[in-house]
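Engineer: Supplied in structure tokens, the structure appears directly below.
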Amino acid sequence: MYMIQDSEKKSGLVIRSIGGLYTVESPDGLYECKPRGVFRKNGQTVYVGDNVFFSGENIITEILPRKNFIIRPPLANLDQLFFIVSVCEPSPNLTLLDKFIAIAEYKKIKPVVVITKVDLDIYENIYNIYSGAGIEVRVIDYNDKSSVTSLYDEMKDKISAFTGNTGAGKSTLLNAIDSGLNLATGEISKKLGRGRHTTRHAQLYKLENKGYIADTPGFSTFETNKYDIIKKDELSSCFTEFRDFAQKCRFKDCSHTKEKGCAVIEAVNAGIISASRHESYCQMYEEAKNIKDWEL
């Protein structure tokens with residue numbers, strides 16, 4: 001986080017946005033700020049997670065460069081995105097999960113798959129698919145406190161966000177990670193900005209280890225293009241397990257969907273790359289082919 005103080009301007013981290021007001025955390029306290037009017041004219045929007053400068057009049061005067069951002073909810077400078085996946089109730093939608101993981105990779109946000117409700121059904125298939133793809137996978141077992149503690153430790157000094165299917169156990173996990181929330185699970189989403197009447201409200205919640213977490217809407221409720229659009233030529237690089245094999249394809253412009261001599265397809269047939277991951281890729285590739293230039 002950028003922290004510069006002088007007599008005329010201060011710097012800090014935007015931790016909350018609601019109703020056109022932004023709460024900025026600075027070394028000497030919290031400030032309720034408004035953005036400069038010129039931001040809207042220039043098409044600029046302040047996001048939660050932004051590092052900013054603000055004046056003595058509590059006006060945000062400058063948004064410092066972002067390393068990434070997502071649109072819904074508006075969050076910037078994420079270090080990692082935790083995908084909460086339950087083994088059942090609800091059953092996991094791996095195609096949708098793969099789409100969001102690809103977007104995280106595209107935006108240079110570390111994806112972490114977190115498997116919950118492991119006491120209700122087997123989880124090894126999900127674990128093997130994603131760990132085999134080179135993606136970090138965490139298994140949460142509430143009978144083993146270390147599984148929660150290690151996840152908490154991974155958030156130290158980082159900005160993280162949680163997402164996943166509604167009902168997958170995000171709120172329960174957030175409460176287990178930081179008892180400071182001290183709320184019933186049904187109330188946690190309101191604390192983190194997901195109340196029924198605050199869909200435009202985004203907030204980072206500060207952990208005792210100086211990390212920050214944000215909750216996001218259940219990703220079964222909207223389309224992935226609300227986050228970003230990945231061009232077909234850039235898609236394969238968002239599937240980490242494809243990268244080494246893609247370089248060995250017969251044709252440089254191989255789509256990795258059906259070509260003869262495709263090393264990626266050969267790896268799928270050999271069981272090295274998960275068939276379900278490749279199916280998700282092919283579906284995304286077909287969707288990307290149909291994107292019009294004006295949509296990019």
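Nothing in this text is a laboratory measurement; each read-out follows from the coordinates by a stated rule. Just so it is clear, the model here is predicted, and its values are computed rather than measured. Counting neighbours? That spans all protein chains shown, and the Cβs are built from the backbone with ideal geometry, glycine included.
Engineer: Between LYS41 and GLU8, what is the FRET efficiency for a Förster distance of 22 Å, r being their Cβ-Cβ separation, to the nearest 0.05?
Structural biologist: With a Förster radius of 22 Å, E is 0.40.
Engineer: Does region 241-289 come out rounded, prolate or oblate, given a ≥ b ≥ c as the square roots of the eigenvalues of its C-alpha gyration tensor, rounded meaning a/c under 1.5 and, failing that, prolate meaning a/b above b/c?
Structural biologist: Cα axes put region 241-289 in the oblate bin.
Engineer: Further, regarding this structure: Of the peptides 122-128, 79-85, how do they stack up when ordered by the mean number of other Cβ atoms within 10 Å, highest first?
Structural biologist: 79-85, 122-128
Engineer: Please go through region 84-174 and write out the trypsin sites (Lys or Arg not before Pro) that DSSP classes as loop and that have at most 12 other C-beta atoms within 10 Å.
Structural biologist: Here the trypsin sites (Lys or Arg not before Pro) that fit, given the DSSP loop and packing criteria, are LYS108, LYS156.
Engineer: Still on this structure, I have one more. I need the calculated FRET efficiency for the pair ASN269 and LYS210, taking r as the beta carbon distance and R₀ as 41 Å, to the nearest 0.05.
Structural biologist: About 0.30, to the nearest 0.05.
Engineer: Okay, next question. Given a Förster distance of 30 Å, report the FRET efficiency between LYS232 and LYS34 from their Cβ-Cβ distance, rounded to the nearest 0.05.
Structural biologist: That pair, LYS232 with LYS34, gives E of 0.15.
Engineer: Less than 11 Å Cβ to Cβ from GLY12, Lys/Arg counted +1 and Asp/Glu -1: what total charge do the surrounding residues give?
Structural biologist: Net local charge, GLY12 excluded: -1.
Engineer: Related question: Run the numbers for LYS110 and CYS282: contour at 0.36 nm per residue of separation, minus the present Cα-Cα distance, in nm.
Structural biologist: Additional length available on full extension: 59.7 nm.
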